[in-house]
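What follows is calculated from the coordinates using simple rules that are stated; it is not laboratory data. As the structure is a computational prediction, the values presented were derived from the model and not from experiment. In this analysis, Cβ positions are derived from the backbone assuming ideal geometry, glycine residues included, and neighbour counts consider all displayed protein chains.
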Amino acid sequence: MKNLKIEIKWAIIFSVVALLWMLLEKIVGLHSTHIDKHQYLTNLFAIPAIVVMVLALKDKKKNFYEGRMNYKQGLFTGILLSVCIALLSPLTQWITSTVITPEYFPNVIAYSVETGYHKSLEEAQAYFNLKNYMMQGFFGALIMGIITTAIAMIFIRTKK
């Protein structure tokens, strides 16, 4: 557990950043008034997500590996960090959907049917729901975390 201290710390930081992003989306109306722009602007979360991942990897390099971390060590760290984030993602999704923005699912369901994105209310409800978003968040965190780490470690690793 001592070896995972940095990963757990950064997974919590990542989750807090994600919740703050959801709050920002709600405040600017991406879950209501401007829901038509949500599918595009929500992708901007990649910027703070990448920043947090890079900071976590640099923290591990500096404070665990004493400034010398090879690609394999960094990749392993990023995979562990991604697993920790993925394990927290159902909780962050629950907080988002029940506390921060409980109106999001009804709004996006109505919008997707109204615009023809989904053919029926049932089809939209099957896609836009807490269970589906929890699963997407879990697997998305794993996949995107590993991809981000694989690329970031090209630059962060200690070169010989």
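Worth pointing out:
- Residue ID - farthest from Ser89 (Cα to Cα), chosen from residues in the range 39-60 that are more than 15 Å from the chain's Cα centre (by Cα) and crowded, with 19+ Cβ neighbours inside 10 Å: Lys60
- When restricted to residues that are hydroxyl-bearing (Ser, Thr, Tyr) and touching a Gly at 6+ places or on another chain (Cβ under 6 Å), the range 85-103 contains 1.
- Only residues that are under 13 Å from Trp10 (Cα atoms) and of a type in the set (Lys, Arg) were counted in the range 40-89, giving 2.
- Considering residues of the range 70-108 that are more than 30 Å from Ile146 (Cβ to Cβ), loosely packed, with under 15 Cβ neighbours inside 10 Å and not acidic (Asp, Glu) only, the residue farthest from the chain's Cα centre (by Cα): Pro106
- When Tyr111, Tyr117, Tyr127 are screened for being out of contact with any Pro (no Cβ under 7 Å at 6 or more places or on another chain) and crowded, with 17+ Cβ neighbours inside 10 Å, only Tyr111 passes.
- Test: residue in the range 19-38 that is over 15 Å from the mean Cα position of the chain (by Cα), surrounded by 12 or more Cβ atoms within 10 Å (Cβ to Cβ), without any contact (Cβ under 8 Å) to a residue 12 or more places away in the chain and assigned to a helix (DSSP H, G or I): yes
- Near pairs, Cβ below 7 angstrom, 6+ apart or cross-chain, from the range 136-160 (outside any helix (DSSP H, G or I)) to any residue that is surrounded by fewer than 16 Cβ atoms within 10 Å (Cβ to Cβ): Arg157/Asn70; Arg157/Tyr71; Thr158/Arg68; Thr158/Asn70
- The residues of the range 90-119 that are in a helix (DSSP H, G or I) and farther than 19 Å from Ser15 by Cβ, listed by number, are Phe105, Pro106, Asn107, Val108, Ile109, Ala110, Tyr111, Ser112, Val113, Glu114.
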